[in-house]
Amino acid sequence: MRIGLAGTGYWARIAHAPALTSTENVELAGIWGRNQAAAGALAGRHGVPAFTDFDELAGQVDAIAFAVPPGVQSTLALRAAAAGKHLLLEKPIALSAAEADELAEAVRDAGVASVVFFTAQFQANVRAWLADVTARSDWSGGSAVWLGSALREASPFNTPWRREKGGLWDLGPHVVALLWSALGPVTSVRANGAEGGAADVTHLVLHHKGGASSAVSVTMSVPESAEFFELFVWGPGGRAAAPRETGDPVTPLRTALTELAACAGKGGAAHPCDVSFGREVVRVLAEAQRQLDAPGGLPVLARSPGGPR
């Protein structure tokens, strides 16, 4: 499968480009970026052409891997899907429920394959944990706390969209997706922020189909000394903690690329972490954001046309 890379930032350099050049049966065929100089430099490093026009790149490949901000990704991915290209998407797939719905519908109408790179869910140890957890049906609830430091000045992840959207939209997709996969579809969400404290602190209470509930706290504003991650589910039989994300994004990204190619080879077959799942996660985040923007609002998590997964 010939894949074009859209993006030239830190994540494109340390994760996407290395994975695209080291995955069996995948060929990095070109790079496009909003910064043409950076696109030229990254393309030169990997011996592939740089493109100044996104649609020209799309015309030369079978699929596009995105490593751009979500607001940019959602627009470009629509064009790629319309051109019949398979999609490797980053989370969140969009920054509003309407944009996520539009992208999911475009992928469905085009009959292309899609995979959303929820990093942990492509790790072998996390998949083994999920297999163990979902083999049981007696879980009562779960909890996730992710204290990140991406908004410190020296962090390579301290980017404009993260400063604007905060931990809810950067860390939130990972934990919502993992709790959804472990405990079942999210049917409603309650959201709150830290009054009088750091602006980038969000607390969620998720209710899952089947009766379980889970609690989430995320922020990207702590100092490095306070960094922390924990996610677990609990029930009558005890507690099961999820493995942490590894510091190596390339290995799970190779898995995502391999599975995208397999889905494409089956005529655009569905994937557990495809654009439809990405849309459901965005709908949870968008409803949480609505409540944060309008305190006191009632939680209304409208289901997408396809219903819960």
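The values are calculated or read from the model by the stated rules, or taken from the named source; none is laboratory data. Fair warning: this is a prediction, and the values are worked out from it, not measured in the lab. Cβ coordinates were reconstructed from backbone atoms using ideal geometry, including for glycine residues, and neighbour counts include every protein chain displayed. Calculation scope for accessible area: heavy atoms of the full protein, side chains included, ligands and nucleic acids excluded. Shrake-Rupley method; radii C 1.70, N 1.55, O 1.52, S 1.80 Å.
Based on alpha carbons, the Rg and Dmax found for the stretch 1-135 are 15.1, 50 Å. Computed from point charges on the beta carbon alone (+1 for Lys and Arg, -1 for Asp and Glu), the dipole magnitude for the chain about its Cα centre is near 320 Debye. Helix-derived [θ] at 222 nm for the chain: sum -39500 (n - 2.57) over DSSP H runs of at least 4, divide by residue count, nearest 500? Mean residue ellipticity, 222 nm, calculated: -11500 deg cm²/dmol. Note on the chain: lysine pairs with Cα distance below 26 Å, sequence gap of 8 or more or different chains, count 4. With axes computed from alpha carbons, what is the tilt in degrees of helix 172-183 against the longest principal axis of the chain, rounded to the nearest 10 within 0 to 90? In the chain, helix 172-183 runs at an angle near 60 degrees to the longest axis. Heavy-atom accessible area, probed at 1.4 angstrom with all protein chains present, ranks Ile14, Ile31 as Ile14, Ile31, highest first. Most tightly packed first, judged by the mean number of other beta-carbon atoms within 10 Å of their residues, the peptides 203-216, 277-290 read 277-290, 203-216. What is the helix-to-structure angle for 36-46, meaning the angle in degrees between its Cα long axis and the longest Cα principal axis of the chain, kept from 0 to 90 and rounded to the nearest 10? Orientation of helix 36-46: about 80 degrees from the principal axis. Helix 275-293 and the longest principal axis of the Cα set of the chain meet at an angle near 50°. Spatially, the stretch 221-284 and the stretch 155-173 are offset by 17 Å when compared through their Cα centroids.
How large, in percent, is the carbon and sulfur part of the accessible surface of the chain at a probe radius of 1.4 Å? Carbon and sulfur: 51 percent of the exposed surface of the chain. Put simply, when 167-178, 263-274 are sorted by average Cβ atoms within 10 angstrom per residue, most first, you get 167-178, 263-274. Computed with a 1.4 Å probe over protein heavy atoms only, the accessible surface of the chain comes to 41 Å² per residue.
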